[in-house]
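Notes follow the structure.
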Amino acid sequence: MQGAMVRNTGWPDPGHSNLHEGKTSVIVFPLAECLECQQTVESEDQLDEQSLSLEDEIDLESDFQEIVGNNTRLKAVLDNVRIVAPADSSVLILGETGTGKELIARAIHDLSPRKNYPFVKVNCAAIPSGLLESELFGHEKGAFTGAIAQKIGRFELANRGTLFLDEVGDIPPELQPKLLRVLQEQEFERLGSTRTQRVDVRVVAATNADLANMVAEKKFRADLYYRLNVFPIAVPALRERRDDIEHLVGHFARKYAKRMGKRITRVPRATMQALVRYTWPGNVRELQNLMERAVLLSSGTSLRVPLTDIVTECDLGAPPDGNVLEQAERELILRALRESNWVVGGTRGAAARLRLNRTGLAYKIKKFGISRPL
C-alpha cells in the first residue's frame with residue numbers, strides 16, 4: 001500500500017526544496033484556467049471567486065515523515081501510534097484498501113526502540129498458501145521438492161526489528177497455530193528441521209477484512225485474533241477525512257510534476273470541489289493514481305484532472321433517477337470488483353465479498369451498466 005497517506009509539505013515551486021522546520025508554505029492558486037476537458041460551463045461568479053489555498057493552517061507532524069493531516073480522526077490515529085510505538089505489544093491495523101495501513105506500520109517501527117533494525121513486510125494475500133509457511137519461517141535444503149538450498153524466513157530476517165503482516169486475514173487455517181506460537185513464545189522451526197529457532201520480533205498486522213466476523217464463522221482462530229488485536233488502530237477512509245483532500249492533491253501534484261519536469265501551480269475551483277465531493281472507494285491510493293494521470297495530461301501550470309474518470313462511476317450530483325439505494329448498491333459492487341481485481345466468481349471474487357451468488361451479481365452488473373475500465 002505505498003503512498004497511501006502523505007507528508008503535508010504544501011505545494012511550492014518544484015525547484016524549491018528547503019522548507020523551514022515546523023512551518024508550512026502557503027501558496028494561493030488563482031482560478032485562471034479551466035480544464036480543457038471540463039464540460040461544465042462555470043459562471044462568471046465562479047471565475048471571480050478567490051482561489052483555493054492548498055496549505056492553510058496546517059501543522060506539520062514532526063514525528064511522522066510521511067503521514068499528516070488536520071482531520072481529527074487521523075490525528076487520533078497518530079496519537080495511538082505514539083502511545084503504542086515504544087512498547088512491544090502486537091498491533092492490528094484495520095482499514096479499507098488504499099488507506100495507508102503500511103505507512104502506519106512503518107511509523108510504529110520508526111518511533112520504536114527497534115527503529116535501527118529491520119522492518120520486514122509480507123503480503124499474506126499475495127503468496128500462495130502452500131508457500132507462505134516457507135516464506136514466513138524458512139526451510140532446510142531438501143524439505144520439499146524444489147528446496148535446493150536453505151532459506152531464511154521473514155521472521156528470522158526481522159529479528160530485533162518489526163515484521164509487518166499485511167492482509168493477515170488471508171493466512172490459511174493450517175498455518176495459524178504456528179503463527180500463534182511464534183507470537184507467544186518467539187520460537188519456531190524451519191520447514192524440514194527439528195531445531196528450534198528463537199527470535200525477537202515485534203509483529204504489526206493489517207487487514208481490510210472483518211476478523212471478528214471471521215472468528216464467529218470459524219474462519220480465523222479466536223486465540224490468534226486476540227493475540228494480534230492487543231492494540232487495534234482503525235485508519236479512516238478518505239471520504240471520512242475530506243478536509244485533507246486539498247492537501248493530498250497538492251502533495252501528489254507537486255511530487256509528480258517534479259518527477260516529470262513540469263510546473264503545476266494551480267487548480268480550478270470547480271475541479272477541487274468535484275474531487276472533495278467524490279467518495280473515493282479506492283481511498284488515497286486512488287487519488288494518488290488520478291493525480292499522476294492528471295499531471296501527465298497537464299501541459300500548462302493548471303492541473304488538468306480527467307474528471308470523467310470518476311464522474312462516470314459516481315454522479316457528483318443526485319443519483320440517477322433519484323434512487324439513492326440503487327446508487328449505493330452500485331458503488332458497493334464497484335468497490336468489491338476493484339478489490340477483487342474484477343474477478344466475479346471464486347472464493348476471493350466480488351460475489352463472495354458481497355455474499356451474492358455469481359449469477360445474481362452478474363445480473364446486477366448488467367443492470368447498473370458496470371463495465372471494467374480499459
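A short reminder: the numbers here are calculations on the coordinates, not readings from a lab. Keep in mind that what you see is a predicted model, and the values were worked out from it rather than measured. Cβ: placed from backbone, ideal geometry, glycine included. Neighbour counts: every protein chain shown.
Annotation for region 132-164: chymotrypsin sites (Phe, Trp or Tyr not before Pro) lying in DSSP loop with at most 14 further Cβ atoms inside 10 Å of their Cβ are 144. Just to confirm a number: summing +1 for Lys and Arg and -1 for Asp and Glu over residues other than residue 157 whose beta-carbon lies under 12 angstrom from that of residue 157, what do you get? Local charge sum for residue 157: +2.
Over all other residues within a Cβ to Cβ distance under 13 Å of residue 339, the charged ones net out to 0, with Lys and Arg as +1 and Asp and Glu as -1. With the simple spin-label model, which puts each label point 7 Å out from Cα in the Cβ direction, the residue 209 to residue 230 separation comes to 2.2 nm. For the residue pairs 178/218; 101/178; 121/141; 121/151; 101/219, the C-alpha atoms sit more than 21 angstrom apart in 101/178; 121/141; 101/219.
With neighbour counts taken as other beta-carbon atoms within 10 Å, the residues 203, 91, 344 rank, fewest first, as 344, 203, 91.
Residue 178 to residue 358: FRET efficiency via 1/(1 + (r/R0)^6), r the Cβ-Cβ distance, R0 56 Å, to the nearest 0.05? Kindly include the intermediate steps, with their values, before the conclusion.
Numbers: r = 34 Å, r/R0 = 0.60.
Efficiency, rounded to the nearest 0.05: 0.95.
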